[in-house]
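The values are calculated or read from the model by the stated rules, or taken from the named source; none is laboratory data. As the structure is a prediction and not an experimental result, all values here were calculated from the model. We place every Cβ from the backbone using ideal geometry, glycine too, and count neighbours over all the protein chains shown.
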Amino acid sequence: MNNCPDPVNTILVVEDNPQAAKLLSLYLVQAGYQVLVAQNGCEALELAARCHPMAITLDLLLPDRDGWQVLAELKASPVTRDIPVMIVSVLDRQMLGFRLGASEYLVKPVERDKLLHALKRCVPREGAPCACNKIMVVHTDLDELNLLALSLARQSHEIIQALGAAEAASLAKCAHPDLVVTNLLEVGTDFFALIEALQAAPETARIPVLALTAGILDAEVRAKTMGEIEFVLMGESEPLEERLSAAIALLLGKN
């Protein structure tokens, strides 16, 4: 086949599972995109180079080669390296994906709205509204991390989860979130390590940070954060999600 659809409106879906490929294609076609489907890595590389789609969704578990290898080859070629790649996989390896050049990372099963929001972040259409914000949530407790992520996901943000300061600082350099949200129920070394690590790296120093806290912070804590951190007080009468939403809108409106 030599003919390719209009590249400025075409998404290449790389997925060997026919049902998953059909569902992703349906979401995209209903949103007005044209779709090419590749069932293996070799076909994906050939179609990407020949048809140059506006974006690629990439499964990592492919029959002929590892999806990471496909991503690496896409980013190594001058013909395809500028095509945004969204990983869509059952494997939750966000940090590695961003390090290898992925523009977005979604863990299956993927809802229609999350897929389209992520796609708009990669390649917004001319005249289309901006996609939702990419927010990194950070906590040292996995259960609390999941609860915080769920609360923000309900507000239609793209969520990246990081367990602890070291993972958050490393992932932020690759994923470039618009905002970092962390829980400050117990002020400790992990929180300050996160702030110091973010502010020390040029690529993350300007990322705003929003911290949730159970009480009014003392002068020493505020001095350590140098006024760079915004705080949301938990336990007040107004629902936390509403206060979070207002604080996020205010913070991102400043930047």
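Mind checking which residues of the stretch 15-57 are among the basic types (Lys, Arg) and under 14 Å from Pro5 (Cβ atoms)?
Arg50
Looking only at the stretch 5-12, decide whether some residue is in contact with a strand residue (DSSP E or B) (Cβ under 8 Å, 6 or more places away or on another chain), over 25 Å from Pro78 (Cβ atoms) and not aliphatic (A, V, I, L, M).
No: zero hits.
Give me the residue from the stretch 177-193 that is modelled with pLDDT of 85 or more and not in a strand (DSSP E or B) and, out of that set, surrounded by the fewest Cβ atoms within 10 Å (Cβ to Cβ).
Asp178
Find the strands (runs of 3 or more DSSP E) located wholly in the stretch 1-86 whose residues include 2 or more that are crowded, with 17+ Cβ neighbours inside 10 Å and under 19 Å from the mean Cα position of the chain (by Cα), and list them.
Per the criteria, 10-14, 55-58.
Name every residue in the stretch 87-102 that is in contact with a strand residue (DSSP E or B) (Cβ under 6 Å, 6 or more places away or on another chain), farther than 16 Å from Ala38 by Cβ and not in a loop (DSSP other than H, G, I, E, B), in order of residue number.
Correct list: Gln94, Gly97.
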